[in-house]
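Computed from the coordinates by the stated procedures, all read-outs in this text should not be read as laboratory data. Only a predicted model underlies this, so the values are computations on that prediction, with no experimental measurement involved. Glycine gets a Cβ as well: all are built from the backbone with ideal geometry, and neighbour counts include every protein chain shown.
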Amino acid sequence: GPASHDALMQQALDLARQSPPKPTNYCVGALLFNPTTNEVLSTGYTLELQGNTHAEQCCLQKLAQKHNIPEEKIAEVLPPNTAIYTTMEPCNLRLSGNLPCVDRIIAAKNIKTVYLGVKEPEKFVGENEGRKKLEESGIECMHVSGLEEEILKVATAGHEK
Ligand SMILES: Nc1nc(=O)c(N)c(NC[C@H](O)[C@H](O)[C@H](O)COP(=O)(O)O)[nH]1
Ligand SMILES: [Zn+2]
């Protein structure tokens with residue numbers, strides 16, 4: 001049957017576990033999903049690709065690389081109702097100043113739904129307006145509950161206790 005939200009969020013959490021813990025960010029996992037074909041289009045985790053990369057960013061950049069196109073043209077290879085599952089709410093501001101994932105998701109045009117495991121904690125940027133900004137852009141956001149404790153444990157593995 002169709003892959004459940006829980007199974008896909010669990011898969012994103014398994015990806016997050018692969019992220020090298022750091023005190024200045026969170027270990028997050030994400031995947032792009034085609035709900036029409038039940039196919040995972042791309043996966044990613046924080047710092048998977050070179051540089052200070054986010055999980056959602058890695059999903060998009062890996063898919064673009066696979067199709068030999070720049071990330072900015074990713075809409076060309078995304079089915080019209082693509083979903084992204086991410087263990088943490090996409091960032092809307094990054095202390096590094098790098099392009100936030102909310103902007104990358106909006107620019108991808110064909111991502112219509114964002115499934116998130118937890119809201120971003122306020123440690124780095126205070127209240128994350130990511131979900132609000134996505135919804136204002138017409139992108140549906142849905143919290144997939146049940147894995148919050150495990151997601152946060154993995155996300156903050158690099159933070160001093
Ligand atoms: N959704 C999400 N996916 C990630 O892969 C990741 N690392 C974060 N983390 C959010 C946090 O707010 C930023 O990591 C800090 O603001 C530091 O910014 P940088 O990551 O250094 O650009 N959030
Ligand atoms: Zn981000």
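For residues in segment 38-58 being touching a residue at least 24 places away in the same chain (Cβ under 8 Å), assigned to a loop (DSSP other than H, G, I, E, B) and surrounded by fewer than 24 Cβ atoms within 10 Å (Cβ to Cβ), which is farthest from ligand 2 (Cβ to nearest atom)?
ASN38
Kindly indicate the residue of segment 63-103 that is among the polar types (S, T, N, Q) and away from ligand 2 (no atom under 15 Å from the Cβ) and also farthest from GLU136 (Cα to Cα) among those meeting that condition.
ASN68
Which of the residues spanning segment 82-100 are within 10 Å of ligand 1 (Cβ to nearest atom) and of a type in the set (S, T, N, Q)?
THR86, THR87, ASN92, SER96, ASN98
Here are the criteria: (1) within 25 Å of SER4 (Cα to Cα); (2) in contact with a helix residue (DSSP H, G or I) (Cβ under 6 Å, 6 or more places away or on another chain); (3) surrounded by 16 or more Cβ atoms within 10 Å (Cβ to Cβ). Tell me which single one LYS109 does not satisfy.
Unmet for LYS109, out of (1) within 25 Å of SER4 (Cα to Cα); (2) in contact with a helix residue (DSSP H, G or I) (Cβ under 6 Å, 6 or more places away or on another chain); (3) surrounded by 16 or more Cβ atoms within 10 Å (Cβ to Cβ): (3).
Looking only at segment 101-118, decide whether some residue is in a loop (DSSP other than H, G, I, E, B) and within 11 Å of ligand 1 (Cβ to nearest atom).
no
Only one residue in GLU136, GLU120 is of a type outside the set (Lys, Arg), more than 20 Å from PRO35 (Cβ to Cβ) and within 15 Å of ligand 2 (Cβ to nearest atom). Which one?
Answer to the check: GLU120.
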